[in-house]
Amino acid sequence: MAQQREQAADDAMMTRIGQVVMLAHAGDREEARDRFLGLWAEIGENGDPLHRCTLAHYMAGTQDDPDDELAWDLRALSAADSRGPGGGAALRSLYPTLHLSLAADYAKLGRPGAARSHLARARAGLGALGDDGHGQGVRAALARLEQRVAALPEDGDEEGGRPGGEPLGPPRRGF
């Protein structure tokens, strides 16, 4: 019985995140950001990794500043990684999209080396995706971004931190 209540609460949070995603897709990015921040505070730093990952991933898409978008995408990846090796099927299937988003962020920020590193990670995770509309969409977006990044210079963006040039851990800006 307790497990059923926990499952219902998890489903309720994903439903709430989905409702805010629809608001963002409808064009009300500012309201979506405010609601996402409220949900983020509710979930908390130690909340369910799938909830934190999903929310941070979609929150990234509501940002106007590319650095803020990168910060939220790094939070999404950090949340997915917090589940540990394996991470569960739901999180494993998110890795190609998470790395694709990070590659796009780094390309926007003029960091082609980091973008290429995340493109390679996205491509390596494609096996976790089905041959459905979502999987095909991720594969198509990956191919488009690979072409765009291939046209960028080869060097000039490797900084300290992890391979790919991203800083150690997600940036914190009071969230």
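Read-outs throughout are calculated quantities, based only on the coordinates presented, and are distinct from any laboratory measurement. Keep in mind it's a predicted model, so treat the numbers as computed, not measured. We place every Cβ from the backbone using ideal geometry, glycine too, and count neighbours over all the protein chains shown.
Sparsely packed loop sites in region 89-159 (the GluC sites (Glu not before Pro) outside DSSP H, G, I, E and B with at most 15 other Cβ atoms within 10 Å) comprise Glu154, Glu158, Glu159. Here the simple spin-label model places points 7 Å from the Cα toward Cβ, and for Glu45 and Ala128 these points are separated by 2.4 nm. Based on the Cβ-Cβ distance from Asp67 to Glu154, what FRET efficiency comes out when R0 is 25 Å, to the nearest 0.05? Between Asp67 and Glu154 the formula returns 0.60. On the basis of the beta-carbon distance and an R0 of 30 Å, Ser82 and Arg29 show a calculated FRET efficiency of 0.65.
The slack in the chain from Arg92 to Ala140, taken as 0.36 nm per residue of separation less the alpha-carbon distance, amounts to 15.4 nm.
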